[in-house]
Ligand SMILES: [Cu+2]
């Protein structure tokens, strides 16, 4: 993991200007979810917005998020693809392929849901 960073972003409206008006949902104006590329961890954060529409939050990014180029991180050994919360077991199958649309399947009880992801690759971030 990297060091904590002051991460800032804006949401741009159709007019090209930062959006400053937000509804409060679940007690916050912004729920910011950061998922690691290997899906092994995620952060749920609540950024603060300045009057000009710039959101900021202290964020600790994994190294892979800032490295430009094509690469395909491998999930660390021992990552479980099954999680049980309050007696509900969810199983994830499929893999994200950088640069391509990838299908992940979530299985919950008897239900199977397939989600289409377009994984990011070589974006030259930030
Ligand atoms: Cu939240």
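Would you mention how many residues in the range 1-46 are without any contact (Cβ under 8 Å) to a residue 24 or more places away in the chain and either within 13 Å of the ligand (Cβ to nearest atom) or farther than 25 Å from residue 95 by Cβ (or both)? Working first, answer last.
Quick first cut of the range 1-46, residues without any contact (Cβ under 8 Å) to a residue 24 or more places away in the chain only: 12-16, 21, 23-29, 31, 33, 35, 41-46.
Add one more test, that the residue is either within 13 Å of the ligand (Cβ to nearest atom) or farther than 25 Å from residue 95 by Cβ (or both), and what stays is 12-16, 21, 23-29, 31, 33, 42-46.
Here the count works out to 20.
Looking only at strands (runs of 3 or more DSSP E) that fall completely inside the range 1-116, which ones have 1 or more residues that are at pLDDT below 80 and more than 18 Å from the chain's Cα centre (by Cα)?
Working: elements: 4-9, 32-35, 42-45, 55-60, 82-85, 88-93, 101-108.
Hits in the range 1-116: 82-85, 88-93, 101-108.
The values are calculated or read from the model by the stated rules, or taken from the named source; none is laboratory data. As the structure is a computational prediction, the values presented were derived from the model and not from experiment. When we count neighbours, we look across all protein chains shown, and the Cβ atoms used for this are built from the backbone with ideal geometry, even at glycine.
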